[in-house]
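Each reported figure results from applying straightforward, stated rules to the coordinates on display, with no laboratory input. Keep in mind that this is a model prediction, so the values were computed, not measured. Virtual Cβ from ideal backbone geometry, glycine too; neighbours counted across all protein chains shown.
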Ligand code: AMP
Ligand code: MG
């Protein structure tokens, strides 16, 4: 029997009984548990095979509930929360003692956001505890953007996936921390940097991955390992699909293109993310395309580099991490 269901009251019951439930958000599906339940939080780490140093994002129903969890909110954090919540921005703030160490990897900060998904907002409003919810995928694999992706990863290792349809943003939230009250981007994501700068001014980005980045063991900001979001199939990233393709012969190749199809006898599968060149549409379809390309027994996936602005920057970050081995 499928674990996929739209029954919010069943999700509430399971979460209240310390179980984990996969939940929809606008970014990707999350593997959710009560932040105050050691049993639920340990089950999240075990189910994902996620290292304990990697802290979790806490999901709350509204900006008003933030002060229960954090000790201090810099002015620019308030501006960002007011501008973007509910939405795909996570704020890393000084935590209150009530937040368990297991959630924060022992750090004195906690990552918090209000997700913009009607089903999950309803769920959060009805629960009397916040939900920790990392992406509902095994550690370092492609993030799930449909209930079916989650089910195929975990089968009956979890009791329920709350079905909220396909995720509309499709890549993870943008994570923002504060140093001396100034915002810093720790992870590029579904909110474009230009939109953030329109609210708080110029902003620095930390933890970008480059072509030369090696797989690090302990990342300087937890969770930002170079290899991440990766298909099982070897994947490379290029500025020129056709030129790169021409360097191979007799291979089974999958193409992930931005807005135009290309031709070559080696191409066994090809996905164009947005025919009309919309970065928003491309972001929403990115992970599903990688999931699909991974099913064709290809020798290689060649992904096209995106324009380096707006959500294109975030997509390139994910694609680059997908190429690390
Ligand atoms: P996800 O698996 O998409 O939910 O990713 C959660 C990520 O949030 C972590 O891997 C970290 O990169 C980030 N994060 C969570 N809590 C903190 C924190 N206290 N300080 C810095 N980064 C954090
Ligand atoms: Mg993740």
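Which FRET efficiency value, to the nearest 0.05, do you get for residue 181 and residue 97 by plugging their Cβ-Cβ distance into 1/(1 + (r/R0)^6) with R0 = 25 Å?
Details: r = 22 Å, r/R0 = 0.87.
Plugging the Cβ-Cβ distance into 1/(1 + (r/R0)^6) gives 0.70.
Which FRET efficiency value, to the nearest 0.05, is calculated for residue 251 and residue 276 with the Förster distance at 30 angstrom and r the Cβ-Cβ distance? The value I calculate is 0.50.
Restricted to Cα atoms, the chain shows a radius of gyration and a Dmax of 19.3, 60 angstrom. Spacing of the modelled spin labels on residue 71 and residue 198, each 7 Å from Cα toward Cβ, amounts to 3.6 nm.
From its DSSP helices (H runs of at least four residues, each -39,500 (n - 2.57)), the chain gives a residue-normalised ellipticity at 222 nm of -8000 deg cm²/dmol.
Which of rounded, prolate, oblate describes region 1-128, given a ≥ b ≥ c as roots of the alpha-carbon gyration tensor eigenvalues and a/c under 1.5 marking rounded, otherwise prolate only if a/b is larger than b/c? Could the numbers behind the result be given before it?
Numbers: a/c = 1.86, a/b = 1.27, b/c = 1.47.
Oblate is the answer for region 1-128, as a/c is 1.5 or above yet b/c matches or exceeds a/b.
How many angstrom separate the Cα center of region 266-280 from the Cα center of region 65-84? That distance is 38 Å. FRET efficiency for the pair residue 126 and residue 261, taken as 1/(1 + (r/R0)^6) with r the Cβ-Cβ distance and R0 = 41 Å, rounds to 0.35.
Taking 7 Å steps out from each Cα toward its Cβ at residue 53 and residue 155 produces label points 3.2 nm apart. Taking a point 7 Å out from the Cα of residue 38 in the direction of its Cβ, the residues of region 95-127 whose backbone N falls within less than 14 Å of it are 100-103.
What order, most packed first, do the peptides 239-247, 32-40 have when packing is the mean number of other Cβ atoms within 10 Å of each residue? Intermediate values should be presented prior to the final figure.
Details: 239-247: 13.1, 32-40: 21.0.
Top to bottom by mean Cβ count within 10 Å: 32-40, 239-247.
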